[in-house]
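*Asks:* Please read through the structure below; I'll follow up with questions.
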Amino acid sequence: MIPDWETNHLFLSDRLEDTFPALVASLRSVLTGVTIDTIADTSDIWCRDYMPIQLDEGRFCQFVYDPDYLREHQHLITPPDKCQLSFMVDCGQEPLVLDGGNVVASRTRVILTDKIYKENSSIERPRLRSGLEDIFQAECILIPKEPYDMVGHSDGVVRFVAEDRVLINDYSAVDPGYGTRLRNVLEEKGLEVETLPMFQEKARRQPGDLHSAVGLYINYLRVGDVVVLPAYDMPEDEAALKRVRDVMPDARVLQLPCRDLAEKGGVLNCVSWTIKARR
């Protein structure tokens, strides 16, 4: 697998440029030295979820993008042929339902939430897990999805910062029971666990439609040694920035205003597709 600290090429949906032009302009301004391209003819801004997953430098895998939270909004699903870019000479097709936002990877491990079991309920759980490990050629670590989160993506919960070290949301003031279960799973797999501040606005965990992601810092963008952290015009912004700089001292950590984006239900990792391109 390709961890995000090895990526060097950023893609954004063409709809993001239309909807949030100031954010895209800011990303282009701060990500100097990073190649940034646009994916044409997309159906929504959340390109992380529908684009193929990079397995190694030359291979990609396209999973089925059929999220249950879009069953009544089929017009928001980008067709698979729009996700096949010209340089993807080796891009396999898999019949498994899996969103890219539910794949958080280091070189040898992949973290997914247990929502994959619901999305692929016709497959026995051990066989599904084994099949994913064969595809990824990596150990799959299954964590519980956040309570009341209908999306169920791991990139809103945890990120690798090194091969055996992860950063998770600090759930102590939001849902300490879930935080304990999450930490136990990760530590049982031998991972060192660090926490990142988060805060909860009332709408964030209400059942129903997609809720606001305001208060979620873990869904940052990382491309190579640059980390772009969301900011929400809240006191917690500074604490989150300091924490990420402490945990990733070798990275260049920046912060951009993302409240308007987060109110749509996702943040920076959701709207970015990063790969390791051949130079």
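We did not get these values from a lab; they are worked out from the coordinates using the rules stated. Keep in mind it's a predicted model, so treat the numbers as computed, not measured. Neighbour counts are summed over all protein chains in view; Cβ atoms, including those assigned to glycine, are modelled from backbone coordinates with ideal geometry.
*Asks:* Given springs between every Cα pair under 10 Å in a Gaussian network model of the chain, which of Thr195, Thr19, Thr78 has the largest fluctuation?
*Replies:* Of Thr195, Thr19, Thr78, the most mobile in the Gaussian network model is Thr19.
*Asks:* Quick one: putting +1 on the C-beta of Lys and Arg, -1 on the C-beta of Asp and Glu, what dipole do you get for the chain around its Cα centre, in Debye to the nearest 20?
*Replies:* 260 debye
*Asks:* Compute the distance from the alpha-carbon center of segment 144-160 to that of segment 50-91, in whole Å.
*Replies:* Using only Cα atoms to place each centre, the spacing works out to 20 Å.
*Asks:* Counting other beta carbons within 10 Å of each residue's own, what order do Arg71, Arg15, Arg245 fall into, fewest first?
*Replies:* Listed from fewest to most nearby Cβ atoms, that is Arg71, Arg245, Arg15.
*Asks:* Please report the projected area of segment 1-101's Cα convex hull averaged over all directions, in nm².
*Replies:* 6.9 nm²
*Asks:* Right, another one. Send over the Kirkwood Rh of segment 4-275, from the inverse of the averaged 1/r over different Cα pairs, rounded to one decimal Å.
*Replies:* Roughly 18.8 Å, rounded to one decimal.
*Asks:* Go through segment 264-279 residue by residue and turn each phi into a ³J(HN,Hα) via Karplus (6.51, -1.76, 1.60, θ = phi - 60°); whole Hz please, and just put x for glycine and proline.
*Replies:* Residue by residue, segment 264-279 yields 7, x, x, 10, 6, 5, 5, 9, 10, 10, 10, 9, 9, 8, 5, 9 Hz.
*Asks:* Straight-line reach from Lys115: which lysines fall under 21 Å, measuring Cα to Cα and dropping same-chain residues less than 8 apart?
*Replies:* The reachable lysines, counting only those whose Cα sits under 21 Å from Lys115, are Lys145, Lys189.
*Asks:* Just add up the charged neighbours of Val228: K/R +1, D/E -1, any other residue whose Cβ is under 11 Å from the Cβ of Val228.
*Replies:* Taking every other residue near Val228 into account, the sum is +2.
*Asks:* Going by how many other Cβ atoms sit within 10 Å of their own, how do Val151, Val214 line up, fewest first?
*Replies:* Val214, Val151
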